[in-house]
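See structure below.
The values are calculated or read from the model by the stated rules, or taken from the named source; none is laboratory data. In this text, all values refer to a predicted model and were calculated from it rather than measured experimentally. Cβ atoms come from the backbone with ideal geometry, glycine included; neighbour counts cover every protein chain shown.
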Amino acid sequence: MAESTHSIANHRCDNSNSRVNDAAAAADDNRLAEEMNNPCVIPARPEDVVGDKRWESMHKRYVTEARTSEPEVVFIGDSIVQQLQFSTIWTEKINSLHCLNFGIGGDRVEYVLWRILNGEFEFNVPIKAVVVFVGTNNTDCTPHEVFEGLLEIVRAVKSKLGGVAIVLPTLLPRGQNPNPYRERNDHVNTFLLDKFENPANAEPGLTENVHVVRIHGGIVQGDQTISHHVMHDYLHLTDSGYAKIFEPVHSKLMQILKN
Amino acid sequence: MVKMHPCTKPLPVEDPDGDQRWMSIHNRFLSETREKDADVIFIGDSILQALQHTDIWNELFAPLHCLNFGIHRDLIQNVLWRIQNGELDNVRPKAVVLHVGTNNHQNTPEEIVDGITEIINSIKEKLPDVYIVVPSLLPRGQHPNVIRDKINLVNEILKSRLPIIPKVELIAIDKGFIQPDGTISHHDMHDYLLLTNAGSKKAFEPVHELLLQLLNEGEPEKDLTPSE
């Protein structure tokens, strides 16, 4: 049986037989070497540069929440997820689906990967859906690296929660004017859509019950700018920005929970 | 390791992410000074930017005709640069609320206070008659830590330096966040740095009270600041 292409990452995580038994495509030597150099697939924690241990505090709080709450939906990701919990669409619509919000500002793909594998996904009740939204902060990584990191996150979620529905909103554009990071995020989205929507790319143990939700359209205006009415600092969403952009995520969750 | 610049040297933010967001935000602030009249301008870092998205901003500060020039992650040097590069031109506010320093964790308390003083001087050059309100720096981190100690020292030094400068009002907003067991609650600061609605009420209602007095063109009452 071919070993998973992410065997390097395997050894760093708690033993998960389901991953070794994945019917993943065999890796050639080049690809394995590439993976070894991809920071996005190696679970990691950020350095506490300031000395106030805030990231660790939040992680521990989330671990406790996982253990003591009875959620049906878990959101995990970066600042855009974290700030979502203060929006009107969250308080009026999304949160009534019994949600937990495990967003941490500044988080990179590999930090979210670490958190999933180190306690934040130890629940006492069955989870119905997981929303994963991270990647924009990996500005030093290629689109392919970010994409592979997101696949690794999907594998990690499945290793913890089996066949749970996984919702992947597409990454959002950023910056007031055109810039390389808009294209970078767009490329990641192309990879995601191709992987999870194209039946030819179906991969047992990876692509089942994963729903990529398009949320990145309609943000960049005709003149190629992003308005501060949608993203107040050209990265983070205003309240009305959240209402418009996360509505498809809300709809998808309603669909999933109905079944 | 590169030595940290002293806080008195104005510095724009180099484009760390490659999408020019900081400069876009600065330029937008410049436009706002040309398009809007403001009685109060808030200028500073993450704490002020986050404040704009709390309920208390809409309820208490928006009615006072405020502009919020807070930028997440700004250092003292960045705020200094912004003031020297137009953000207080073309406006005649009655008060400026200055709140910056928490991100200068690599500087000493003395350097931080020197920087804040330099900002105050720059503001006075632009707006000689304005009141400058300086809320004390807030503690951070769930548990006691070295940065809290540094912030405490900064606040102590500010207490000895600022009261002698005319039309500068130092106001303590940091009391009531550290609980008896030494921790900060995530109900006050959701990430142990940025204020929740509840936390922002606790910290900034006193600032609102002070602004009301200043805008009514009186000197502030003597015992407004809670006693130590």
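What are the residue pairs meeting all of these: first residue in region A:197-221, first residue closer than 18 Å to A:LYS158 by Cα and surrounded by 14 or more Cβ atoms within 10 Å (Cβ to Cβ), second residue of a type in the set (Ser, Thr, Tyr) and modelled with pLDDT of 95 or more, Cβ atoms under 9 Å, and 6 or more apart or on different chains?
A:VAL212/A:THR170
Can you find even one residue in region A:242-256 that is of a type in the set (Phe, Trp, Tyr), crowded, with 19+ Cβ neighbours inside 10 Å and in a loop (DSSP other than H, G, I, E, B)?
The answer is yes; a qualifying residue exists.
Of the conditions (1) out of contact with any Cys (no Cβ under 9 Å at 6 or more places or on another chain); (2) of a type outside the set (Val, Ile, Thr); (3) surrounded by 22 or more Cβ atoms within 10 Å (Cβ to Cβ), B:LEU75 satisfies every one except a single condition; which number is it?
That leaves (1) as the condition not met.
May I ask you to say which residue of B:ASN104, B:ASN152, B:ASN121, B:ASN68 is within 22 Å of B:VAL168 (Cβ to Cβ), within 14 Å of chain A (Cβ to nearest Cβ), surrounded by fewer than 21 Cβ atoms within 10 Å (Cβ to Cβ) and of a type in the set (S, T, N, Q)? Before you say what the answer is, go through the steps one by one.
On the way: B:ASN104 fails: surrounded by fewer than 21 Cβ atoms within 10 Å (Cβ to Cβ); B:ASN121 fails: within 14 Å of chain A (Cβ to nearest Cβ); B:ASN68 fails: surrounded by fewer than 21 Cβ atoms within 10 Å (Cβ to Cβ).
None of the others qualify; the one that does is B:ASN152.
Suppose the filter is away from every other protein chain (no Cβ under 14 Å) and touching a residue at least 24 places away in the same chain (Cβ under 8 Å); does A:HIS228 pass it? Don't jump to the end; show me each part of the working.
On the way: away from every other protein chain (no Cβ under 14 Å): no; touching a residue at least 24 places away in the same chain (Cβ under 8 Å): yes.
When the stated conditions are applied, A:HIS228 does not pass them.
Could you look through region B:170-182, keep only residues that are at pLDDT 95 or above and out of contact with any Ser or Thr (no Cβ under 9 Å at 6 or more places or on another chain), and pick out the one that is farthest from A:ASN101 (Cα to Cα)? It would help to see each step written out before you state the result.
We begin by selecting, within region B:170-182, every residue at pLDDT 95 or above; these are B:170-174, B:177-182.
Filter again for out of contact with any Ser or Thr (no Cβ under 9 Å at 6 or more places or on another chain), leaving B:178, B:180-182.
Values: B:ILE178: 25, B:PRO180: 28, B:ASP181: 26, B:GLY182: 26 Å.
Taking the candidates together, the pick is B:PRO180.
Can you tell me which residue among B:LYS159, B:LYS202, B:LYS222 is modelled with pLDDT under 95 and away from chain A (no Cβ under 11 Å)? It would help to see each step written out before you state the result.
Details: B:LYS159 fails: modelled with pLDDT under 95; B:LYS202 fails: modelled with pLDDT under 95.
Result: B:LYS222 is the single residue among B:LYS159, B:LYS202, B:LYS222 that is modelled with pLDDT under 95 and away from chain A (no Cβ under 11 Å).
Take region A:192-213 and flag every residue that is within 21 Å of A:PHE246 (Cα to Cα) and either within 14 Å of another protein chain (Cβ to nearest Cβ) or in contact with a helix residue (DSSP H, G or I) (Cβ under 7 Å, 6 or more places away or on another chain) (or both). Step through it out loud before you land on a result.
Going residue by residue through region A:192-213, those that are within 21 Å of A:PHE246 (Cα to Cα) are A:192-193, A:196-197, A:209-213.
A:LEU192, A:VAL210, A:HIS211, A:VAL212, A:VAL213 - these are the residues of region A:192-213 that are within 21 Å of A:PHE246 (Cα to Cα) and either within 14 Å of another protein chain (Cβ to nearest Cβ) or in contact with a helix residue (DSSP H, G or I) (Cβ under 7 Å, 6 or more places away or on another chain) (or both).
Can you pull out the residues in region B:33-56 that are in contact with a Leu (Cβ under 6 Å, 6 or more places away or on another chain) and within 14 Å of chain A (Cβ to nearest Cβ)?
If the condition is that a residue be in contact with a Leu (Cβ under 6 Å, 6 or more places away or on another chain) and within 14 Å of chain A (Cβ to nearest Cβ), then B:ALA50 is the only one that fits.
Search region A:174-213 for residues being in a loop (DSSP other than H, G, I, E, B) and charged (D, E, K, R), and hand back the single one that is farthest from the chain's Cα centre (by Cα).
As a first pass, look at region A:174-213 and keep what is in a loop (DSSP other than H, G, I, E, B): A:174-179, A:198, A:202-209.
Applying the additional criterion that residues be charged (D, E, K, R) yields A:174, A:203, A:208.
Values: A:ARG174: 17, A:GLU203: 19, A:GLU208: 16 Å.
This residue is A:GLU203.
Name the single residue, out of those in region A:121-155 being over 14 Å from the mean Cα position of the chain (by Cα) and more than 14 Å from A:ASN38 (Cβ to Cβ), that is surrounded by the most Cβ atoms within 10 Å (Cβ to Cβ).
For region A:121-155, the residue satisfying everything is A:ILE127.
Can you name the residue in region B:33-47 that is free of Cβ contacts under 8 Å to residues at least 60 places away in the same chain and surrounded by fewer than 24 Cβ atoms within 10 Å (Cβ to Cβ) and is also nearest to the chain's Cα centre (by Cα) among such residues? Don't jump to the end; show me each part of the working.
Taking region B:33-47 as the starting set, the residues that turn out to be free of Cβ contacts under 8 Å to residues at least 60 places away in the same chain are B:33-38, B:41-45.
Within this subset, residues satisfying the condition of being surrounded by fewer than 24 Cβ atoms within 10 Å (Cβ to Cβ) are B:33-38, B:45.
Numbers: B:THR33: 18, B:ARG34: 22, B:GLU35: 23, B:LYS36: 21, B:ASP37: 20, B:ALA38: 17, B:ASP45: 6 Å.
My answer is B:ASP45.
Could we say that B:ASP19 is buried (at least 20 other Cβ atoms within 10 Å of the Cβ) and either charged (D, E, K, R) or part of a helix (DSSP H, G or I) (or both) here?
Working: buried (at least 20 other Cβ atoms within 10 Å of the Cβ): yes; either charged (D, E, K, R) or part of a helix (DSSP H, G or I) (or both): yes.
Spelling it out, B:ASP19 is indeed buried (at least 20 other Cβ atoms within 10 Å of the Cβ) and either charged (D, E, K, R) or part of a helix (DSSP H, G or I) (or both).
Would you list the helices (runs of 4 or more DSSP H) that sit entirely within region A:51-105 and hold 2 or more residues that are at the interface with chain B (Cβ under 9 Å from one of its Cβ atoms), modelled with pLDDT of 95 or more and within 30 Å of B:ASP149 (Cβ to Cβ)? Step through it out loud before you land on a result.
Details: elements: A:54-68, A:79-84, A:88-92.
Fully inside region A:51-105 and qualifying: A:54-68, A:79-84.
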